[in-house]
1. Can you tell me which of ALA178, ALA142, ALA157 is without any contact (Cβ under 8 Å) to a residue 24 or more places away in the chain and either buried (at least 16 other Cβ atoms within 10 Å of the Cβ) or in the same structural domain as ALA430 (by TED's automatic domain parsing) (or both)?
2. Do we have THR150 as out of contact with any His (no Cβ under 9 Å at 6 or more places or on another chain) and modelled with pLDDT under 90 here?
3. Give the residue, chosen from SER241, SER245, that is among the polar types (S, T, N, Q) and either under 20 Å from LEU390 (Cβ atoms) or in contact with a Leu (Cβ under 7 Å, 6 or more places away or on another chain) (or both).
4. Checking the structure you have, find out if any residue of region 75-96 is over 27 Å from SER217 (Cα atoms), assigned to a helix (DSSP H, G or I) and either modelled with pLDDT of 90 or more or of a type in the set (A, V, I, L, M, F, W, C) (or both).
5. Would you be able to tell me the number of residues in region 327-337 that are in a helix (DSSP H, G or I) and surrounded by fewer than 11 Cβ atoms within 10 Å (Cβ to Cβ)?
6. Residue under question is ALA204, and the condition is that it be touching a helix residue (DSSP H, G or I) at 6+ places or on another chain (Cβ under 7 Å), buried (at least 19 other Cβ atoms within 10 Å of the Cβ) and under 28 Å from GLN383 (Cβ atoms); does it hold?
7. Among GLU147, GLU106, which is the only one that is farther than 30 Å from SER217 by Cα and either over 19 Å from the mean Cα position of the chain (by Cα) or in contact (Cβ under 8 Å) with a residue 24 or more places away in the chain (or both)?
Amino acid sequence: MSRPKMTQVFDTALHRAPKAFKHSLTRFAFSAGLAVLATALPVLTHGGSPAMAQGLFEPVVKVNDRAITAYELSQRVAYLTLLRAPGDPNKLAKEQLITEALQRDEAKRVEIALSPEELKEGMEEFTQRFQLTLEKFEQALAQGGVEIGTFRDFVEAGLLWRKIVREKFRRQVRITEADIDRQLELSQPGAGVRVLLSEIILPAHTPEAQRASSARSIELAEITTLPAFAAAARSYSVAPSKGRSGRLDWVELSNLPPALAAQVLPLAPGAVTDPLPVQNGIALFQMRAIEETDAPAPTDVNVDYATYLIPGGNTETAHASAAAIRSRVDSCDDLYPFADGQPEEQLVRETKLVTDISQSYAIELAKLDPGESSIALTSASGQNLVFLMLCGRSRILPEEVNREDVRLQLQNQRLASFSKGFLEELHAEAFIKELAQ
């Protein structure tokens, strides 16, 4: 598999992943183990000087009695870059390796370990989020110059931490029947929410654009005023909304992809989400207003939508074709004559839960009413302009609520809160020193 082909594998996987990759990264901790060093040493010394190889294994950070080497750091940066994690990969890699070292110290202290079966299951669970087999994921990593041990340790650290937190706090997380009743009250009809957002979509269609946009997204995420975000949208956004200073219309929170909805809901007006990876781009959203509605709060939303691929990618010719189609269609059914005699994949109509739609598509569909269309996206290869049309939405209201599911949801929320606090304690008590290079 060539490097371009390998990159395309990950681009496609990220595009169709049911949840944002960023949240997968933050749920797991990074690490670097001795297995990486053992398997990588022959590669590093082949064709290079021993001094250079030795320098790669010099420590760059001390965390208590552990050392993070230059090689471990470079591998983590390569891993983050390959998976297009938003933000500065150098900074994020160092932060996560430090966190991982603290988590491994705690696992050793309380004598918690993983079996080989648990570790393999965790690795397979992670790759399935991107609809890739473990074997395909490993092959793509290798083609990108990332040792499989880096991925293995990445998953292992997250699983260890999960065990630690559950064991340490399980007795403090007691969900009462009253807690469940209160949670159910919040999900009853009349508890709907809609939000008024502005957006900035930064380009990331090439490695150079991705690096530049990642750096810029960190700065834009610090914006706290509406005028500043509007000015940035006019200057940097590649979304069609840039002409409106990034302003979007009201949208039901339940129509948004889960990763975005989870970030948006706690925001105060003026606050901005963390950067979110989307297809060939990085997205940021600013809260302008939020209000409750009388609409029922569904447990889920089914979205009926159609995608028609127009050859030519993001070109004037393709956009002209899209404009001609838009002028002649009022519903998804009107698209079928345009696909006559073309391959089946040219026009695809699907009905999916909003949670199962790729983030890029879900964000665009959330902006549309039935019968409206978007041409803001291109196919993963970039060779086709995507004519995306919303056919309709259907809201799934709960018929019978499983109280045990609600109990598990509340337990996980509280464990996450305890986990964050405990990790902050470990950071505060640790000896962490960055070494001069």
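The values are calculated or read from the model by the stated rules, or taken from the named source; none is laboratory data. Everything numeric in this text was worked out from a predicted model, so none of it was measured. Please note: Cβ atoms are built from the backbone with ideal geometry, for glycine as well, and neighbour counts cover all protein chains shown.
1. Step by step, each of ALA178, ALA142, ALA157 is checked, and only ALA142 is without any contact (Cβ under 8 Å) to a residue 24 or more places away in the chain and either buried (at least 16 other Cβ atoms within 10 Å of the Cβ) or in the same structural domain as ALA430 (by TED's automatic domain parsing) (or both).
2. Here the answer is no, as THR150 does not meet what is asked.
3. SER241
4. Let us first name the residues in region 75-96 that are over 27 Å from SER217 (Cα atoms), namely none.
Taking every residue of region 75-96 in turn, none turns out to be over 27 Å from SER217 (Cα atoms), assigned to a helix (DSSP H, G or I) and either modelled with pLDDT of 90 or more or of a type in the set (A, V, I, L, M, F, W, C) (or both).
5. 1
6. Details: touching a helix residue (DSSP H, G or I) at 6+ places or on another chain (Cβ under 7 Å): yes; buried (at least 19 other Cβ atoms within 10 Å of the Cβ): yes; under 28 Å from GLN383 (Cβ atoms): yes.
Considered against the rule, which asks whether it is touching a helix residue (DSSP H, G or I) at 6+ places or on another chain (Cβ under 7 Å), buried (at least 19 other Cβ atoms within 10 Å of the Cβ) and under 28 Å from GLN383 (Cβ atoms), ALA204 comes out as yes.
7. GLU106
This table checks each residue for (1) buried (at least 21 other Cβ atoms within 10 Å of the Cβ); (2) more than 25 Å from ARG234 (Cα to Cα).
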{"position": "GLY270", "(1), (2)": "no, no"}
{"position": "ILE282", "(1), (2)": "yes, no"}
{"position": "THR293", "(1), (2)": "no, yes"}
{"position": "ILE325", "(1), (2)": "no, yes"}
